[in-house]
1. Once Rg/Rh (Cα atoms, Kirkwood Rh) is worked out from the coordinates, which option in (i) 0.95; (ii) 1.08; (iii) 0.97 does it equal?
2. Which of the listed residues, Ile26, Leu87, Leu63, is farthest toward the dipole's positive end in the chain, when Lys, Arg count +1 and Asp, Glu count -1 at the beta-carbon?
3. Can you give the helix-only mean residue ellipticity at 222 nm for the chain, where every DSSP H stretch with n ≥ 4 adds -39500 (n - 2.57) and the sum goes over all residues, rounded to the nearest 500 deg cm²/dmol?
4. Tell me the angle of helix 78-87 to the major Cα principal axis of the chain, expressed in degrees between 0 and 90 and rounded to the nearest ten.
5. Averaged per residue, what accessible surface does the chain expose to a 1.4 Å probe, in Å²?
6. What ³J(HN,Hα) values, in whole Hz, does the Karplus curve 6.51 cos²θ - 1.76 cosθ + 1.60 give for segment 12-22 when θ = phi - 60°, with x put for Gly and Pro?
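The values are calculated or read from the model by the stated rules, or taken from the named source; none is laboratory data. These figures come from a predicted structure and were not determined experimentally. Quick reminder, even Gly has a Cβ in these numbers, built from the backbone with ideal geometry, and neighbours come from all protein chains shown. Each accessible area value is taken on the protein alone, full model and side chains, heavy atoms only, with ligands, DNA and RNA left out. Shrake-Rupley method; radii C 1.70, N 1.55, O 1.52, S 1.80 Å.
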Amino acid sequence: MLDVPALRILDEVLPGHRTRIQTNNITGQWTATAAGLGVSAPLYVGDPDPTLVRILPEEVTVLRKYWLIVPRELQRRARVRTTIATLR
């Protein structure tokens, strides 16, 4: 599942980059970046870490589509409707 076009965010943000390592979890990305192996780590992971330096401007935005699947019998519950409204 790592080789899914929608997950290739760096292809959009840094066209022409050369991937040297791939991982499917955020801890692996953060650890590899902190070890100097490359560019990665989302802001919520990188910003609190004083050893990492932000290299892209804050204006960079990556848009993705997400699907929410809710069992039919739960769709009318208030907490489910509230969650759906919040996500929208």
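1. Correct label is (ii).
2. Selected residue: Leu87.
3. On the way: 4 runs with 28 residues, N = 88.
Using -39500 (n - 2.57) per qualifying helix, the result is -8000 deg cm²/dmol.
4. Roughly 40 degrees, rounded to the nearest 10.
5. Numbers: 7990 Å² over 88 residues.
Dividing the accessible area of the chain by its residue count gives 91 Å².
6. Result, rounded to whole Hz: 7, 7, 10, x, x, 5, 10, 6, 10, 8, 10.
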